[in-house]
Amino acid sequence: MQRVNPSDQAAGLRRRSARLPPACTYCFFDSAEWLAKLANTLQQGGQSALLIDRRGRLFAGAPTRSLFDWEQQLARGELHTQPLSAGEGWYAPGLRADVPALREVARAYDHLLFDEESSGAELILMPGATQRFLIEVQDAQPSLLRAYTLLKTLSHAVSGGQVGLLGDPAACAQLHAAARHFLPQPFARTIHCAADGDTAFSALAVRMLGEETRHLTRFEIENHESMALKNG
């Protein structure tokens, strides 16, 4: 059980001091083990992650899940998380990312990882957060159609953010080509194909860390400039 206390979290201190928005990654994976791999890769890069079980398929058997539901936990300011080999897990089936109290939780972590339905039918985004979407694509017609439908939905619902296609390299390339041809170009340019497996997550983790480092560097520069002007 973890009491939400961002001031005790290095990640929370860093994000608050730099006025960084919450970082949310929405994962549309058929393979649940990919979520653990992503969290592990982030941890190896020095990034903390909370893996949120929105679908109820990851931590349904965990003993902490029966104490209080996620609404009660947020109301009490006390999350019943479970330690993972990398990061922490939270059983919260049906949780909406736009619940206001979740923003305070996000301050204690570098990343919130949401286990989403592969169709994206229930996708709700956190307002004002940095958004990233990871989609598993396999070499099968149902997978390609489902992923393309999800991309169409995202192209209308998302402003900003990055989309990563993971899984079978040929299927990802085929889907990427279709997106560039049929979907709005500004959105299509946010899509990238990653290599399969661990290499993909390593590249994504480096990109995430690089993006945050740029935000922190800009904050430090602006802060130093402000202090210099203040002190003459």
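The values are calculated or read from the model by the stated rules, or taken from the named source; none is laboratory data. None of the values given here were measured: they were computed from a predicted structure. Note that each Cβ is placed from the backbone with ideal geometry, even for glycine, and that neighbours are counted across all protein chains shown.
Output the residue which, of all residues in region 73-120 that are polar (S, T, N, Q) and outside any loop (DSSP other than H, G, I, E, B), is surrounded by the most Cβ atoms within 10 Å (Cβ to Cβ). Outline the logic, then answer.
From region 73-120, those polar (S, T, N, Q) are 73, 81-82, 85, 118-119; that's our starting set.
In the following step, the residues that additionally are outside any loop (DSSP other than H, G, I, E, B) were identified as 73, 82.
Working: Gln73: 23, Gln82: 18.
Filtering first and then ranking leaves Gln73.
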Next item on the list: Spot the failing condition for Phe219; the list is (1) closer than 21 Å to Gly46 by Cα; (2) aromatic (Phe, Trp, Tyr); (3) at pLDDT 90 or above, and only one is missed.
Entry: (3)
Margin query: On the basis of being free of Cβ contacts under 8 Å to residues at least 12 places away in the same chain, of a type outside the set (Lys, Arg) and surrounded by fewer than 19 Cβ atoms within 10 Å (Cβ to Cβ), does Ala177 make the cut?
Written below: yes
Next item on the list: Working only within region 181-212, note down all residues that are at pLDDT 70 or above, surrounded by 12 or more Cβ atoms within 10 Å (Cβ to Cβ) and not in a loop (DSSP other than H, G, I, E, B).
Entry: Phe182, Phe187, Ala188, Ile191, His192, Cys193, Phe201, Ser202
Next item on the list: Quick one: Gly87 ticks every box in (1) among the small types (Gly, Ala, Ser); (2) at pLDDT below 90; (3) within 27 Å of Lys152 (Cβ to Cβ) except a single one, so which number is it?
Entry: (3)
Next item on the list: Consider Pro100 carefully, then state whether it is under 17 Å from Leu42 (Cα atoms) and over 16 Å from the mean Cα position of the chain (by Cα).
Entry: no
